[in-house]
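Trainee: My questions all concern the structure below.
The values are calculated or read from the model by the stated rules, or taken from the named source; none is laboratory data. Computed from a prediction, not measured in an experiment: that's the story for all the values here. Positions of Cβ are generated from backbone atoms using ideal geometry, with glycine treated the same way; all protein chains shown enter the neighbour counts. Side chains are part of the model used for accessible areas, which takes the heavy atoms of the whole protein and leaves out ligands, DNA and RNA. Shrake-Rupley method; radii C 1.70, N 1.55, O 1.52, S 1.80 Å.
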Amino acid sequence: MKRFIAIVTLIIFCAGLFLAFGLTNSNAASKKQVTITYVRGKDETQATNKILQEFMKKNPDIKVIFKENPSDTGQNHDQLVTVLSAGGSDIDVFDMDVIWPAEFAQAGYTLPLDRFIKRDKINLNDYIKGTIDAARFKGQMWAFPRFIDAGVLYYRKDIVPQNELPKTWDDLIKVAKKYKGKNGTKYGFLMQAKQYEGLVCDAIEYIASYGGRVVDESGNIVVYNQGTIDGLNMMRKVITSGIVPPNINTFTEVETHTAFINGLSVFARNWPYMWAMINSPQSKVKGKVGILPLPKGSKGSAACLGGWMVGINKFSKNPEASWRLLKFLVQKEGQKLMAIYNGNVPVYKPLFNDKDVIKANPLIGDKKFVEAILAAVPRPVSPIYPKISDVMQIELSNIVNGKKDVKTAVLDMDKKLKEVVKISK
Ligand code: GLC
């Protein structure tokens with residue numbers, strides 16, 4: 001009997017111990033695992049899923065829900081602003097276009113990152129300086145850069161002979177006309193001419209290649225100048241020369257890459273990410289494409305500066321877990337996965353010498369290409385950038401659609417931009 005009581009006592013004791021530990025452990029696990037939401041524009045590749053899986057494997061106490069916003073940066077912006085301006089906490093971490101930090105900082109949508117950066121001893125010198133500067137506003141960092149973009153010209157190596165590669169916009173028109181229709185192509189050239197942010201980027205390239213500009217160093221509107229008029233006249237000439245699709249005014253980056261990887265065009269203007277699409281399994285032009293700087297105007301070739309950063313919602317309920325995800329996205333591993341699977345140009349400098357990155361995207365190892373990207377022309381930096389862009393989009397669209405002659409559209413743009421800036425002061 002004594003033995004029986006002893007055994008029963010032991011069993012009860014063990015069961016108690018088991019229960020107590022089990023409970024504490026599961027409590028700890030459920031207490032410890034936090035769920036955060038990450039939002040970015042549509043990812044056409046597998047890059048984001050791969051990165052998030054890697055992150056969750058290494059950080060089992062954090063579960064990340066991935067939500068995609070539209071790929072159009074303007075629509076993406078408006079959806080984010082709807083949540084952020086209402087102080088919502090449904091979003092924790094989100095990607096930000098280079099044109100947003102000033103606005104988001106001013107509106108107080110994102111958490112300043114300086115204390116995290118300092119605490120975790122992130123060396124900002126490892127990153128391309130211009131992109132770090134672009135994330136700063138009034139002395140604080142409101143986002144952290146992920147990759148840098150600049151417009152480039154893609155061409156079909158199997159169609160255009162090396163000695164006919166275009167150097168100027170006029171060359172482009174001539175060569176695109178000559179080879180349009182070869183090897184199954186339907187169009188000579190593709191660009192982004194829908195009324196949206198991408199049109200502003202394309203237009204900046206034409207404008208800057210003729211020495212024009214929108215704002216001066218002090219932020220004054222100076223868009224009504226000969227360079228702007230010459231550049232936009234060239235844009236109109238390209239659009240009306242019979243080399244672009246008749247519905248080019250509906251083209252964003254998505255229509256561009258879809259048509260190009262289906263083998264429908266000889267040339268295309270797009271960002272570096274299209275390289276990854278060209279080499280993806282669904283592409284019909286793998287191995288048939290080369291990249292060139294954009295054609296020159298009277299003042300040389302100019303690429304528009306683009307790129308994306310990542311920030312934390314000021315009202316996130318989990319800033320610490322959010323910071324850990326942000327850190328993973330912007331440090332070596334996250335940037336490397338983006339460069340390999342999404343074709344993006346990293347901003348973390350050591351990756352420019354990384355063998356795997358260069359193998360996936362040889363351009364990243366090409367000094368001249370990197371220099372050209374670093375020399376890209378920024379869009380106006382301003383907390384009211386969306387308003388500036390809206391005005392530009394409307395007037396540029398008038399030019400694309402032939403509703404106004406270039407000079408009148410530029411004059412109107414100048415007048416309206418000055419009004420917008422004046423009201424905001
Ligand atoms: C790319 C650029 C971004 C730009 C957008 C326009 O995503 O990185 O800066 O605003 O294209 O469509």
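Trainee: Every residue in the stretch 252-270 that is over 16 Å from the mean Cα position of the chain (by Cα) and buried (at least 24 other Cβ atoms within 10 Å of the Cβ), please.
Mentor: If we filter the stretch 252-270 for residues that are over 16 Å from the mean Cα position of the chain (by Cα), which is where we start, we get 255, 258-268.
Listed by number, the residues that qualify are Phe260, Ser265, Val266, Phe267, Ala268.
Trainee: In the stretch 319-327, is there at least one residue being of a type outside the set (Gly, Ala, Ser) and either touching a Cys at 6+ places or on another chain (Cβ under 7 Å) or outside any helix (DSSP H, G or I) (or both)? If you could, list the steps in order and put the result at the bottom.
Mentor: Initially, the stretch 319-327 is screened for residues of a type outside the set (Gly, Ala, Ser), giving 319-320, 323-327.
Keeping just the survivors that are either touching a Cys at 6+ places or on another chain (Cβ under 7 Å) or outside any helix (DSSP H, G or I) (or both) gives none.
Scanning the stretch 319-327 turns up no residue that is of a type outside the set (Gly, Ala, Ser) and either touching a Cys at 6+ places or on another chain (Cβ under 7 Å) or outside any helix (DSSP H, G or I) (or both).
Trainee: What do you reckon, is Asp202 within 13 Å of the ligand (Cβ to nearest atom), on the phi < 0 side of the Ramachandran plot, touching a helix residue (DSSP H, G or I) at 6+ places or on another chain (Cβ under 8 Å) and among the acidic types (Asp, Glu)?
Mentor: On the way: within 13 Å of the ligand (Cβ to nearest atom): yes; on the phi < 0 side of the Ramachandran plot: yes; touching a helix residue (DSSP H, G or I) at 6+ places or on another chain (Cβ under 8 Å): yes; among the acidic types (Asp, Glu): yes.
Spelling it out, Asp202 is indeed within 13 Å of the ligand (Cβ to nearest atom), on the phi < 0 side of the Ramachandran plot, touching a helix residue (DSSP H, G or I) at 6+ places or on another chain (Cβ under 8 Å) and among the acidic types (Asp, Glu).
Trainee: Let me ask something else. What is the one condition in (1) more than 14 Å from the ligand (Cβ to nearest atom); (2) in a helix (DSSP H, G or I) that Val39 does not satisfy?
Mentor: (2)
Trainee: Only one of (1) of a type in the set (A, V, I, L, M, F, W, C); (2) part of a helix (DSSP H, G or I); (3) at pLDDT 95 or above; (4) open to solvent by less than 20 Å² (accessible area, probe 1.4 Å) fails for Ile364. Which number is that?
Mentor: With respect to (1) of a type in the set (A, V, I, L, M, F, W, C); (2) part of a helix (DSSP H, G or I); (3) at pLDDT 95 or above; (4) open to solvent by less than 20 Å² (accessible area, probe 1.4 Å), Ile364 is out only on (3).
Trainee: Separate question: How many residues are within 16 Å of the ligand (Cβ to nearest atom) and either more than 26 Å from Lys58 (Cβ to Cβ) or surrounded by 24 or more Cβ atoms within 10 Å (Cβ to Cβ) (or both) if we restrict to the stretch 296-327? Walk me through it before giving the result.
Mentor: Step one: of the stretch 296-327, the residues within 16 Å of the ligand (Cβ to nearest atom) are 302-311.
Narrowing further to those that are either more than 26 Å from Lys58 (Cβ to Cβ) or surrounded by 24 or more Cβ atoms within 10 Å (Cβ to Cβ) (or both): 302-307, 309-311.
Going through the stretch 296-327 one residue at a time, the tally reaches 9.
Residue-wise test of (1) surrounded by fewer than 19 Cβ atoms within 10 Å (Cβ to Cβ); (2) modelled with pLDDT of 95 or more.
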{"site": "Gly184", "(1), (2)": "yes, yes"}
{"site": "Leu190", "(1), (2)": "no, yes"}
{"site": "Cys201", "(1), (2)": "no, yes"}
{"site": "Ile204", "(1), (2)": "no, yes"}
{"site": "Val214", "(1), (2)": "no, yes"}
{"site": "Glu217", "(1), (2)": "yes, no"}
{"site": "Asn225", "(1), (2)": "yes, yes"}
{"site": "Asp230", "(1), (2)": "no, yes"}
{"site": "Thr250", "(1), (2)": "yes, yes"}
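Trainee: What about Val223, is it closer than 23 Å to Ile278 by Cα, assigned to a loop (DSSP other than H, G, I, E, B) and more than 16 Å from the ligand (Cβ to nearest atom)? Before you say what the answer is, go through the steps one by one.
Mentor: Numbers: closer than 23 Å to Ile278 by Cα: no; assigned to a loop (DSSP other than H, G, I, E, B): yes; more than 16 Å from the ligand (Cβ to nearest atom): yes.
Answer is no for this residue.
Trainee: Is it the case that the stretch 379-398 has a residue that's within 21 Å of Leu199 (Cα to Cα), open to solvent by 50 Å² or more (accessible area, probe 1.4 Å) and touching a strand residue (DSSP E or B) at 6+ places or on another chain (Cβ under 8 Å)? Working first, answer last.
Mentor: Taking the stretch 379-398 and keeping what is within 21 Å of Leu199 (Cα to Cα), we get 379-398.
In the following step, the residues that additionally are open to solvent by 50 Å² or more (accessible area, probe 1.4 Å) were identified as 381, 387, 390, 394.
Subset that is touching a strand residue (DSSP E or B) at 6+ places or on another chain (Cβ under 8 Å): none.
No, the conditions are met nowhere in the stretch 379-398.
Trainee: Now for a different question. Kindly establish whether Val175 is of a type outside the set (D, E, K, R), open to solvent by less than 40 Å² (accessible area, probe 1.4 Å), in the same structural domain as Arg324 (by TED's automatic domain parsing) and modelled with pLDDT of 95 or more.
Mentor: On the way: of a type outside the set (D, E, K, R): yes; open to solvent by less than 40 Å² (accessible area, probe 1.4 Å): yes; in the same structural domain as Arg324 (by TED's automatic domain parsing): no; modelled with pLDDT of 95 or more: yes.
The answer is no for Val175.
Trainee: To continue, here is another question. Could you say which residue among Val98, Val160, Val175 is within 30 Å of Arg236 (Cβ to Cβ) and within 16 Å of the ligand (Cβ to nearest atom)? It would help to see each step written out before you state the result.
Mentor: On the way: Val160 fails: within 16 Å of the ligand (Cβ to nearest atom); Val175 fails: within 16 Å of the ligand (Cβ to nearest atom).
After applying the criteria, what remains is Val98.
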